[in-house]
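The values are calculated or read from the model by the stated rules, or taken from the named source; none is laboratory data. Quick caveat, the model's predicted, so the values are computed rather than measured. No Cβ is skipped: glycine too gets one built from the backbone with ideal geometry, and neighbour counts run over all protein chains shown. We work out accessible area using only protein heavy atoms, side chains counted, and drop any ligands, DNA or RNA first. Shrake-Rupley method; radii C 1.70, N 1.55, O 1.52, S 1.80 Å.
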Amino acid sequence: FQKVKAAKVAAMCVGVVAMILGILFAKMNVNFLVGWAFNIAASANLPALLMLLFWKRTTKQGITAAIIVGMLSSLGWILASAQAYKDVYGLDPANAIVPFSQPAIVTIPLGFLVLVVVSLMTRPPAGAGSEASTAA
């Protein structure tokens, strides 16, 4: 019951954030926004999916950290880009904090780095490696 309640609260929070961002980004080209959505999704999910499949040392803490860092860093990068300065804030794009607006080239490697560091700092559950090797 607790997990269902947490999922409902999380869905509500994500929905509210999505509506707020939709209002803020109303003046922007939809194709550009779709590119941003894919950047955020790739930054949050790609490191976790690939490392879970191909690196035995991956831990749930590493995956959680990579997802959070990937999502927040890509969203932050987008909000600090020249395109957002111009179309969302109505400010001079020359004052933007980041040089380009498609963040995946920076945030996906950051997600991998965070996943590896956090996974190396945390231990997998006892016996997890031995069960996987005996099942194969």
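The table below lists the values:
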| read-out | value |
| --- | --- |
| Selection status of Gln102, open to solvent by 50 Å² or more (accessible area, probe 1.4 Å), of a type in the set (S, T, N, Q) and either touching a Leu at 6+ places or on another chain (Cβ under 7 Å) or under 30 Å from Thr122 (Cα atoms) (or both) | no |
| Listing of helices (runs of 4 or more DSSP H) fully contained in the stretch 37-136 that carry 3 or more residues being modelled with pLDDT of 90 or more and within 18 Å of the chain's Cα centre (by Cα) | 60-79, 104-121 |
| Enumeration of residues in the stretch 4-36 that are modelled with pLDDT of 90 or more and among the basic types (Lys, Arg) | Lys5, Lys8 |
| Breaking point among (1) closer than 30 Å to Leu120 by Cα; (2) loosely packed, with under 13 Cβ neighbours inside 10 Å, for Met71 | (2) |
| Members of the stretch 22-36 found to be part of a helix (DSSP H, G or I) and either of a type in the set (Lys, Arg) or open to solvent by 80 Å² or more (accessible area, probe 1.4 Å) (or both), listed by number | Ile23, Leu24, Val30, Asn31 |
| The lone exception for Met19 - which of (1) touching an Asp or Glu at 6+ places or on another chain (Cβ under 7 Å); (2) open to solvent by 80 Å² or more (accessible area, probe 1.4 Å); (3) among the aliphatic types (A, V, I, L, M) it fails | (1) |
